[in-house]
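K.L.:
Handing you a structure now.
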Amino acid sequence: MSTAPSPRKLHTRFDIFAWYESVRASGRPVAWCSAFAPAEVLLACGVIPVYPENHAAMLGALSPTRDPANPWSGDAISAAEAAGHLGPKLCSYAQADIGVLLGAGSPIAGLPPPDLFYSCDSQCSVVARWGDAVAGIEAGQGRDIPHYLLQAVPLRSDAYVPGQLSGFRAQLRQHVDDICARFGTRFDEAYFAKIVAMSDTANRLWQDCLELARQKPSPWTNTDAFQAMAPIVIARGSELCIDYYRELHQELTARVNSHSHAIANERIRLLWDAIPIWPRKNWLASTCAALDAAFVCSTYTHSWWFQFDLDQPWESVTERYAWNTMNRSGAWVLDWTKDLVRDYQIDGIVCHWNRSCGIWNSYVKRRLPGYRDAGIPHLVIEADMVDPRAFDEARISNQLQEFIGQLGSRPCPA
């Protein structure tokens, strides 16, 4: 194995700790939301969305002892399991976050307390059960936390047919009325349009940052992109989010212009398929970098795009949240992934078979025959997004070394 250094780190930082402190100090109602809940709508209702999934990722990525085998999520999952919150009904994200609600430790002392839970099941069915669990725990502590569930119709073709979104939009409008009445706020249409425009601007910058990894060699890896995606998840619709991605794009562009690469001797370009293994993302990056391989693209980071039609904010927000990567047909997702392989000049795909995320595993399973048919080399590794018990370092290290070695021995395309 080469002694290549770990991938070069970014200078641009988003202070996620300060972000959560600002939410606590805001005095505004707080909604705990699933990842694909309509943030722009909630913000226009005077409610601040925060994301238990982001918190769970932090619990997996950080450790109280700086030991990746002992992340905050380990004790939190155990606390949830001890209280009867078990998989597969709940994923490890949900278990970790619920464990903190039950008293386990957190690097940010837990999320700001919720005034409501808002879930949109276009991503998966677990979020609805997660919201019910949080509402139940809060009720046991004497707090009435309503759970609003926005139900989406799965998209099994290229686009919705006329009228298919009307029910989704009607639910969303009713939720707006109920939330504003509950908290004595008013939905501000002009402010909503402004928020949608800010989300759109931040997203375009975020996509531009990701696309700079098409450069060969790449100026950054998806290990950094996993961390850099936090603002587009938790802070979209804000000037702070725009500022962060503008600064990040400037840093990455400067790297391109100065021929500064994330990995000095990049030979192999990899695509990561599915949710990161948060406790071991840095280990994975370093292990691959030592083999002169870089993750330059992932289906996870590229799932986070929120382009809107600014002339039709309600219509475009409705359509964007009614479907996402996890709510599309398997054929669509396969074609989309193959396009990423082509556009980013990918040599091989590493698929994360995630012990506790059935929806991503379903897509991985359905795509593998398509990868074989297209002649795309791929490796499936088994682990979990935040549960450290599912990670076998020796086995995965051997798998990566063998896979990357095989890629390195393949003849260059004509």
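Bear in mind these aren't lab numbers, they're just calculated from the coordinates by the rules spelled out. Here the structure is a predicted model, which is why all the values come from computation and not from measurement. All Cβ positions, glycine included, derive from the backbone under ideal geometry; neighbour counts span all protein chains shown.
K.L.:
Test of understanding: ordering 198, 229 by Cβ neighbours within 10 Å, fewest first, what list do you get?
P.N.:
Details: 198 20, 229 24.
Ascending number of Cβ neighbours within 10 Å: 198, 229.
K.L.:
Which residue, 352, 147, 11, has the most motion in a Gaussian network model of the chain that connects Cα atoms within less than 10 Å?
P.N.:
Evaluated over the chain, the most mobile residue of the options is 11.
K.L.:
Can you spot the lysines whose alpha carbon is less than 20 Å from residue 281's alpha carbon? Ignore those fewer than 8 places along the same chain.
P.N.:
Qualifying lysines at Cα under 20 Å: 9.
K.L.:
Rounded to whole Å and ordered largest first, report the semi-axes of the equivalent ellipsoid of segment 302-410 derived from its Cα gyration tensor (root of 5λ). Present the calculation step by step, with values, prior to reporting the outcome.
P.N.:
Details: eigenvalues 186, 68, 30 Å².
Whole-Å semi-axes of the equivalent ellipsoid: 31, 18, 12.
K.L.:
Given the DSSP H assignment, sum -39500 (n - 2.57) over each helix run of at least 4 residues in the chain and divide by its residue total; what's the result at 222 nm in deg cm²/dmol, nearest 500? Display every interim value, and only then the final one.
P.N.:
Numbers: 17 runs with 205 residues, N = 414.
Value at 222 nm, helices only, nearest 500: -15500 deg cm²/dmol.
K.L.:
Using only the alpha-carbon atoms, what does segment 190-409 span along each of its principal axes? Please give whole angstrom values in decreasing order.
P.N.:
56, 41, 34
K.L.:
Run through the DSSP bridge list for the chain and note the antiparallel percent, rounded to the nearest 5. Kindly include the intermediate steps, with their values, before the conclusion.
P.N.:
On the way: 0 of 25 bridges.
Counting only bridges with both partners in the chain, antiparallel ones make up about 0 percent.
K.L.:
Using the Kirkwood formula on the Cα atoms of the chain, what hydrodynamic radius do you get, in angstrom to one decimal? Before the final figure, lay out the partial values.
P.N.:
Numbers: mean 1/r = 0.0455 Å⁻¹.
The answer is 22.0 Å.
K.L.:
Restricting to Cα pairs below 8 Å that are 6+ residues apart, what does the relative contact order work out to for segment 52-148? Please round to a whole percent.
P.N.:
On the way: 125 pairs, mean separation 23.4, N = 97.
The normalised contact order for segment 52-148 reaches 24 percent.
K.L.:
For the chain, what does the relative contact order come out to in percent, with C-alpha contacts under 8 Å and a separation of six or more?
P.N.:
Details: 699 pairs, mean separation 88.1, N = 414.
Across the chain, relative contact order equals 21 percent.
K.L.:
Something else about it: With θ taken as phi - 60° and the coefficients 6.51, -1.76 and 1.60, list the Karplus ³J(HN,Hα) couplings across segment 272-285 in order, rounded to whole Hz; mark glycine and proline as x.
P.N.:
Result, ordered by residue: 8, 10, 4, 5, x, 8, 4, x, 10, 4, 6, 4, 4, 5 Hz.
K.L.:
If you don't mind, there's one more thing I want to ask. Would you please classify the overall shape of segment 6-164 from the alpha carbon gyration tensor, given that a ≥ b ≥ c denote the square roots of the eigenvalues, rounded means a/c under 1.5, and beyond that prolate means a/b larger than b/c while oblate covers the rest?
P.N.:
Details: a/c = 1.38, a/b = 1.27, b/c = 1.08.
Rounded.
K.L.:
Oh, and also: Which whole-number percentage describes the relative contact order of segment 190-409, with Cα contacts under 8 Å and a sequence gap of 6 or more? Present the calculation step by step, with values, prior to reporting the outcome.
P.N.:
On the way: 300 pairs, mean separation 50.7, N = 220.
That works out to 23 percent.
K.L.:
Right, here's the next one. Quick one: 3J(HN,Hα) in Hz for segment 385-400, Karplus 6.51/-1.76/1.60 with θ = phi - 60°, rounded, Gly and Pro as x.
P.N.:
With the stated coefficients, segment 385-400 comes to 5, 9, 8, x, 5, 8, 9, 10, 4, 4, 5, 5, 4, 5, 4, 5 Hz.
K.L.:
For segment 52-101, what number results from the quotient of the Cα radius of gyration and 2.2 N^0.38 Å?
P.N.:
On the way: Rg = 10.0 Å, N = 50, 2.2 N^0.38 = 9.7 Å.
Computed over Cα atoms of segment 52-101, the ratio equals 1.03.
K.L.:
Let me ask something else. Residue by residue through segment 319-336, which ³J(HN,Hα) values in whole Hz follow from phi under the Karplus form 6.51 cos²θ - 1.76 cosθ + 1.60 (θ = phi - 60°), with glycine and proline marked x?
P.N.:
In residue order, the calculated couplings are 5, 5, 8, 6, 9, 8, 3, 7, 10, 10, 5, x, 5, 4, 5, 5, 4, 4 Hz.
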